[in-house]
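J.: Questions regarding the structure given below will be posed in turn.
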Amino acid sequence: MKHLLFAILIISIIPAQAQVTEILFIGNSYTYVNDLPLLLKNVALSFGDTIVSDQNTPGGYQLIQHSTNTTTLSKIASRNWDFVVIQEQSQKPSFSPSQVANDVYPYAQILNDSIKSNYSCSESIFYMTWGRKNGDAGNCASNPSICTYAGMQQRLRDSYMQMSSDNNATTSPVGAAWATVRDSFPSIELYAADESHPSIYGSYLAACVFYATLYQKSPIGSSYIPAAISLTDALSLQTVASYTVLDSLLLWRIGVNLPVANFNYSGGSTINFTSTSTNVINYFWNFGDGNTSTQQNPSNTYTSSNTYPVKLITFSSDNCFSDTIVQNVNVIISGIDAINTQKEISIYPNPATDFIQLKTNLKYTSILIMDVTGETIIRSNYKTSIDISNLTKGIYFVKIMGEKKPVIKKFVKE
């Protein structure tokens, strides 16, 4: 996933190719129970995608501890991670908004800043966890909203989505998928006996949600299924994960930082291009005739009728990602544009500002400068250096009159 240069062009032509993804998990026992990173790695591998991962997930650990933990910080700095998953202690994000604002959000930001300082192209992913099976009885008195599963789940959802928004990051909506499984497949037990930690079913659901989040591909049909899970239940978990993520990519801020290339165009021999791209700061155009541009909305003058493959490559604001689109532009030159351009004459510079120099082996009696309507603007006898400084910017034509039929060639005044 790192540096997705030209990825979208490739995907539009051939099926998605296997990827190698490097992920660091920062969290606690909700991550290490049942070895979520390994489950995710196996799901990805079943689709031909390779994951390299590491983790620091001590039991009960909080973001405030991770923000100064030497192991966590050294692992962040150990390589240029594609993704770093951030998971808070299971209860803290469900507390009151003011308490979460004081005790959680600042340390999420510190960790995200450490991640970006190490490698600006790393993407932080906030791991939305789930409410306890029957709510948080231990904190119910001081936080009535979390006395039930539904109330606790809503607070977790709100807090993790706020962390993602505040840090321009992504949410992995495991908790949202968890709620759907509870409602639609109540016979699938997602919880361990303590009604807090995940069972193998809960961890497998999390792995499938993470796969869809990281790759924006469906986990449905994964051949990797833990031995304790039936094929029917695995398919149910895969399906919930897939639809939870892929039906709501913008909601979870998945891919919102990626550039999307697109453009419109209009004109005759001179085509005006207008970028309609999003999340873009830099542009590179290839007009298919050898000319290029780095402008946002350039123009290009074509000298012959043809179909030109115009390519636009756009780059994200951090230059970590790019997107590419190619459109075939059909150029039809009519009227004065269609007059045959002969190789017996050359004009330089072209485009020109003050003077043009003509080079020709033709015998001629006069040289005319015409506008696009065919009207003569300048007449020059026996001169191959012509002053065009008084002309306005645009397209003009040199017409050589001589023994043969007239020869016409186009030039551009800048």
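J.: Choose one answer from Asn42, Asn143, Asn361: the residue with the largest mean-square fluctuation in a GNM of the chain with alpha-carbon springs under 10 Å.
T.: Asn361
J.: Could you work out [θ]222 nm for the chain from helices alone, using -39500 (n - 2.57) per DSSP H run of at least four and dividing by all its residues? Round to the nearest 500 deg cm²/dmol.
T.: The per-residue figure over the chain is -8500 deg cm²/dmol.
J.: With each pseudo-label sitting 7 Å past Cα toward Cβ, what's the Thr274-Tyr348 distance in nm, one decimal?
T.: 3.8
J.: How high is the relative contact order of segment 17-246, given as a whole-number percent (alpha carbon pairs under 8 Å, six or more residues apart)?
T.: That works out to 19 percent.
J.: On to the next question. Apply the Karplus curve 6.51 cos²θ - 1.76 cosθ + 1.60, θ = phi - 60°, to the phi angles in segment 186-191 and return the couplings in whole Hz, x for Gly and Pro.
T.: x, 6, 7, 8, 7, 9
J.: I'd like the distance separating the alpha-carbon centroids of segment 287-301 and segment 210-230, in whole Å.
T.: Distance between centres, Cα-based: 44 Å.
J.: Still on this model: Just to confirm the number: angle between the C-alpha axis of helix 200-215 and the first principal axis of the chain, 0 to 90 degrees, nearest 10?
T.: Once rounded, the angle reads 10 degrees.
J.: If the elastic network links every pair of Cα atoms under 10 Å, which of Thr171, Thr244, Thr292 fluctuates the most in the Gaussian network model of the chain?
T.: Thr292
J.: Once you put a point 7 Å from the Cα of Glu414 and another 7 Å from the Cα of Ile281, both along the Cβ direction, what distance in nm separates them?
T.: Output for this residue pair reads 2.7 nm.
J.: Of the listed values (i) 22.3; (ii) 23.8; (iii) 25.4, identify the label whose number matches Kirkwood radius over Cα pairs in Å calculated from this model.
T.: (iii)
J.: So if each residue of separation counts as 0.36 nm, and I subtract the Cα-Cα distance between Asn102 and Val52, what length gain in nm does that give?
T.: 14.6 nm
J.: Let me ask another. Give the long-range amide H neighbours of Ser199: residues separated by 5 or more places, or on another chain, with amide H under 5 Å away, using H modelled in the peptide plane at 1.01 Å from N.
T.: Close amide H contacts, sequence-distant or interchain: Tyr191, Ala192.
J.: Please identify, among Gln357, Gln295, Gln65, the residue showing maximal mean-square fluctuation in a Gaussian network model of the chain using a 10 angstrom Cα cutoff.
T.: Gln357
J.: From Cα pairs below 8 angstrom and at least 6 apart in sequence, can you work out the relative contact order of the chain, rounded to a whole percent?
T.: The normalised contact order for the chain reaches 11 percent.
None of the figures in this text is laboratory data; all of them are computed from the coordinates on show. Small disclaimer: the values here were computed from a predicted structure and weren't measured. Every residue, glycine among them, receives a Cβ derived from its backbone with ideal geometry; neighbour counts consider all protein chains shown.
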